[in-house]
Structure formats: structure tokens, C-alpha cells
Protein chains: 2
Amino acid sequence: EMNVAFLGTGSGYPTPCRGASALAIRYEGDVWLIDCGEGTQTQIMKLKTIRPGQISKIFITHLHGDHMFGLPGLLCTISMALKTVSNLKLVEIYGPLGLRRFLREALNLSRSVLTFKYVVHEIVPNRIQYDGWKPGDPDWNIEEGFGHAIFYDEVMKCWPLCSNKNMTVVAGGLKHRIPSFGFVFTECDKPGKLNNAKLIEYGVPKGPLFGRIKNGEEITLEDGRILKPEDFVGPVQSGKKVAVLQDTCDSWHMREICNNCTLLIHEATNENCQQDRCIANGHSTPAMVAQFANAIGAQKIVLTHVSQRYKHPLTHDVEPDDQTTEILETETRTDFSGPVIAAYDGLVVNVNKKV
Amino acid sequence: EMNVAFLGTGSGYPTPCRGASALAIRYEGDVWLIDCGEGTQTQIMKLKTIRPGQISKIFITHLHGDHMFGLPGLLCTISMALKTVSNLKLVEIYGPLGLRRFLREALNLSRSVLTFKYVVHEIVPNRIQYDGWKPGDPDWNIEEGFGHAIFYDEVMKCWPLCSNKNMTVVAGGLKHRIPSFGFVFTECDKPGKLNNAKLIEYGVPKGPLFGRIKNGEEITLEDGRILKPEDFVGPVQSGKKVAVLQDTCDSWHMREICNNCTLLIHEATNENCQQDRCIANGHSTPAMVAQFANAIGAQKIVLTHVSQRYKHPLTHDVEPDDQTTEILETETRTDFSGPVIAAYDGLVVNVNKKV
């Protein structure tokens, strides 16, 4: 089961009702955090959704404070939670060029000696995203490993970040006031199911032949009959795809790599009537999200990074005159026919099920 | 009225029940923040004790993350709250050498353009506090003014920080794992009350003579009688004194400047039986606090920076087997006869009244 836990769904700054940006993708025992605004470690404890020690990868979309000021503190708390030094624990951090220096400064100055290793892989922005970005490179924390710089791949049309046996992660460029990245998590395809009963019916003895035909091999039985794998193996099960697009006023550079995504998590800071000011601040409206979702054939949408102005009926005290996230959902549904939900702190979405 | 609002009273890291270190002193319309752990801005909103925009001075005791990781985010939120650029608003920040660079790094990297001016006055540690402390000095945020370096004053036996018509603030050195400072807030003495009725009785006409005698001047009436001010002016009203001593395992360097304090706010991370480990980590026990309080003649004590292990009956769900802050209060009372209270998030202490 792959699911997404929303830890902070607010825009700009944290409040007691809605934290600064942070969400976690959980799949096959891995916990991967996307963004880490101030107070994310407290949200994790409060919502009891994950344990900090489980986090193995952290992806930072961009370097605005509401997306990363919680990172030094989170690492310190993971460190204290581990208690004893662990050479096995490694936290890999992916984020825009400059993040490594910030973490080094914060951890050095606070003399935070971590009990685990961490490494920062920096995503190098494209010229179109930002000119004149010049972060430096001071001494580093002894617990920090050697991260690599990740450049844009012209062929793949993305920044390839990492992959394991279950999942591949790539970044795409988003238009915002500073370099901002969207992340696409693609589950690996799973081979089709083998029809054991049919093989037995055909007189195939249980054993290695089963494995060979499942692996796509044509096999010849002793009596000369030839069995083709497509007759005994079901269709390949396509992996799920989750796209996380935080701060942006234009997602179109990510259109190709987001194609056919199962779940689109997209920022929607303000409602449609605020479009001009919203775009000027580098943000999106529901209509923009719906248009993008239709273009990429997204199956369902979760709206997040919502202006603190829009209260969520489940987590706020809503007065009759208050604006709520229902406005954002309704406006999205006007242009998009699939399921839509506005995130709140504590929401857990199962990627494999309907919203 | 002078009062102290406790925003975060925990040790090491924030939890949903107890935030990382932060407290505010309020007096005559000023709001001065001491320490700013991660999540302080959220605590301010949650506890509704102060408005972020009221804060005019911030004092950071030392550079451990649980005392300062909330500072960049707090400044950004104040900035957003002000909405329009204000040339009148100035936030003065006092903290150990290195704080200026950290803030510059965090604000520069996050491209946070503030709507107000701020300035960092750095306290330069003594050699006895730390050897080999070498923070650098990168470019700064255009909204940052020119702060000064504050060196130890051998005559006054303290670092003189600032004063206004109501209050003087000095820092003293605390022993900890990194340079740590305690802050002493001393209200200015107020002149004694003029006994108007007695003057009238003596036939003094209302007018300038009243002011002259109040200012300590001897006056001669027309009939030749000489009036001495001590006969008509009450005793000088001593100002209150609040000492805030966060992380330390030895406060004795501050003994003189804390003398006769009205309110001693002192860390008490662990109970007495943990003394060895507690001191090894640079922290204090109730017995150590009580001994210091007696030596300086403190009138009352608030314990703070409590290990998250000790639950507070007012703000936690306490199970029968849980350790509570009552242990710390009881142990302090064994050696100190004045009022003692363990702080919790949201506690407001009126300095002029008994605890």
C-alpha cells in the first residue's frame, strides 16, 4: 500500500491549525518526506502518522522558509531519538542548490553532532528558473557524507534523483519566485500474475517451468506443445504515479513527466477570483490546477499549500462568514471531473484507492 | 505591571505539549522575547499571549537549536503580518557571536525580504566559556542594520546590553557545553512619593516648589523655615529584577549581577538523582537551583527548560506511573523556602505579585 500523509498544508507560515508545508509518502516500509517547514517535527508527533526515525529520504521543493526552516531541528530530533550512534542510518536529502550550505551553517553553529549520517544531493536549477543564484560552500559537519550535484537531463526532460527496487523519483522545474521543483514518484511496474491453475490444467509440472514462463520465456513441453507466456501471464500491472507540485504559478514544464499520474498533489493557494495577485506571488488557483490535471490525464487531485485564509471544516472552527477550502474544491470540480479533495493536516490518502 | 509569559518550557526539542525554549517579558508596552526555539511563532499564536508584531527586542541565550531555530521563521512571519514596509519598526536582537551570520544565511537563502529593519548585537564570549569559536561573516540582508559587538565589562562584571527609561538589561556568563548567557532585567528605581497633604499643611503653595522638593532640593519658605526633602518624600521604590538563566550547569559567575532578584527563572532539566548525567550535559538540578537562589537572595523561583520526561499536570495527560514536574518543585522546596513553580507553556507570571 502506498499512501500520502499530509503534515502541513498551509501557505507562508505555520499556524496552530495548519502547519507549514510538509507531507510524507509511505511505501513498502520507506518513509519519504517532501518539504519540512518550521514545526514539521511537532506535526509528526502530534499527528502520530509516522516516527521521525523512519524517515530515510527528504525532498525539499524550494528554499522558501515555509518549506525548509524545520529541517535542522528535525535532524537534531531524529539524532536524539536514535540515542546511540548508528553507522547504518543514512538520511538522503534532495533539494535546490544552496540547501547543503544552509544545513551546514545551522548544524555547525548549533554544534549539533548527529548520531547518523546525512547527505545532501543538490538540484542545480536551470537558467530559466533563476539567474544569479550563488550559494557558497563552507566547511561541513563531520557526519555529512559526500552528496552529488544533480543536473537537468536533456533527454529525460527532468532531474533524475534516485530509485530503488520499488520506486523512481525525478524532479521537474516549476515557475515560482525562486527555483522551485516538483517531484514525481513512480512505482515500478509489477509483472502480471501467473495463472497457476491454467498451467496445471495443461499438465505443466510445478517447478522451474512456472518461473520461466512467468519471466516471459516460451517453453516447450515433453509432448512438443509450445506454451506462450502471454497465454498464462496476466497483463503487467502499471505502477502508481504520484506527482507533488508545491509552490508554482506554472507547472507546464512538468507536463510530460507527470503524464497519466494516479494522484496529482498540487498547490492551490488562492481561489480563482484572486488569479492575478496569486500568479504575481508565484502561486496557482483551482482553475489552473484543473487545467493542468486534465492535460496530464491525472486520475485524482489533492489540493494543498492553501492560504491560511481558507479554513478547513474538519480542523478549524468555522464561522458563518469564513471562507473555507470548499471554495477551492468546488472551483476545481468545475473544470475537472475526477475526485478532488483539499488537504488538511492529518489527512492520509491511500494512492491505490479512490480519494 | 511587569509579567513573564512562558511560550516554550521544554528541553532539547519541541513536542505538542511543550515547546522548545521561549519566553516573553512584558513591561510598559514593550514585549521582549528571550530565546526562540522552533515553533515559537506557532506557540505565540496558540497561546494568544502576545502579538508577534509587538516584539521589539529578542535575546538569545545560546546557539543550540532548541533556543534559536525558530528565529528566521518568526522574523518572516512578523514581516508578513506588517504587510507594508515600515521604516519605524526595528527589531533588536542580542545573542552570542555567530547569530548574525546564521540569520543572514537563513534569510538570504530563503530570499526573505523583510518589511522592517532588524539588527543583531553579538555578545562576544569570554575565553573561559569557549575556545575556538570562529563564526564568519558573509554578506547581509539589506534590511539588516549595523549591530555592534558587546564585550565583557571587567568593572561591571557583565555584558551591558541595553537600557531604556524603564529597564536595564545585562548578560552574564553561564557554564554550558557551548557559550551560554543569562540575562538580568532590572527595572529602574522609581522616586519616592511626594506627601502633598503634608506640604499643604506646612503652608507650601501648590506650584514649582512641589517639583523642586520632589527632586531632592531643600527649600526655604518666605517665613524662613527650611524644608528638607527627606521629610516630605517617601523612600525610593526599588525596581524589580528578573533573572533568566537558561542552559547551564553552573550559574555562579552570575552571582553578583543576580543579587536580590525578585524573580529567578532558572533551568532545571533533571531531578536531583540524575545530577551526574545532568551536569555532564551542561544542565542543572533543583538542588543546584535552590542553592543558587539562596546565595543571591532570590524572592521566588520559576523552573523551566524541563526534560520532556517530566509531564506537567496542567498541560499533559498524566498516567499514574508518569514522572511530573511536581518532583522538581518538591526538590527545590527542600532547600528553598520561597515560592517555587515549574513553568508550563502558557503560564504567565506577574513579577510584582507572589507566584
Other protein chain Cβ atoms within 10 Å, averaged over every residue that makes up B:107-113 | 6
Dipole of chain A, positive end: most advanced residue of A:Thr262, A:Thr330, A:Ile200 [Cβ charges, Cα centre] | A:Ile200
Taking region B:22-100, which trypsin sites (Lys or Arg not before Pro) meet the DSSP loop condition and have no more than 11 other C-beta atoms within 10 Å?
-> B:Lys48, B:Lys83
Treating only the Cβ atoms of Lys and Arg (+1) and Asp and Glu (-1) as charged, compute the dipole magnitude of the protein assembly as shown about its Cα centre; round to the nearest 20 debye.
-> 80
So what are the ³J(HN,Hα) numbers for region A:232-249, from phi and the Karplus equation (6.51, -1.76, 1.60; θ = phi - 60°), rounded to whole Hz, Gly and Pro as x?
-> 10, 10, x, x, 4, 8, 4, x, 6, 10, 10, 10, 10, 10, 7, 3, 6, 10
On alpha-carbon atoms, Rg over Rh for chain B using Kirkwood Rh?
-> 1.04
Would you calculate the separation in nanometres between label points at A:Asp276 and B:Glu201, each defined as 7 Å from the Cα along the Cα-to-beta-carbon direction?
-> 7.5
Among A:Ala290, A:Val91, A:Ser180 the positive-end extreme of the charge dipole of chain A (Cβ point charges) = A:Val91
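If you take the Cα Rg of the protein assembly as shown and divide it by 2.2 N^0.38 Å, with N the number of residues, what do you get?
1.17
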In a Gaussian network model over chain A where Cα atoms closer than 10 Å are linked, find which of A:Phe232, A:Phe336, A:Phe69 has the largest mean-square fluctuation.
-> A:Phe232
Residue mean of other protein chain beta carbons inside 10 Å, B:33-43 | 4
When each of A:Lys117/A:Lys165; A:Lys46/A:Lys311; B:Lys48/B:Lys300; A:Lys83/B:Lys157; B:Lys198/B:Lys241 is checked by Cα-Cα distance, pairs over 28 Å = A:Lys83/B:Lys157; B:Lys198/B:Lys241
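Evaluate peptide B:278-285: per residue, the Cβ atoms of other protein chains within 10 Å of its Cβ; return the mean as an integer.
Taking the mean over all residues of the peptide, I get 0.
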Nearest 5 is fine: what % of DSSP beta bridges in chain B come out antiparallel, could you say?
-> 55
Taking Cα pairs under 8 Å and at least six residues apart, what relative contact order does chain A come out at, in percent?
-> 15
Per residue and in Å³, how big is the convex hull formed by the alpha-carbon atoms of region A:42-123?
-> 93
How big is the antiparallel share of DSSP beta bridges in the protein assembly as shown, given as a percent to the nearest 5?
-> 55
Looking at region B:214-263 from every direction and averaging, what is the projected area of its Cα convex hull in nm²?
-> 5.1
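Where a number appears in this text, it was derived from the coordinates with a stated rule and is not lab data. As the structure is a computational prediction, the values presented were derived from the model and not from experiment. Note: ideal-geometry Cβ built from the backbone for every residue, glycine included; neighbour counts use all protein chains shown.
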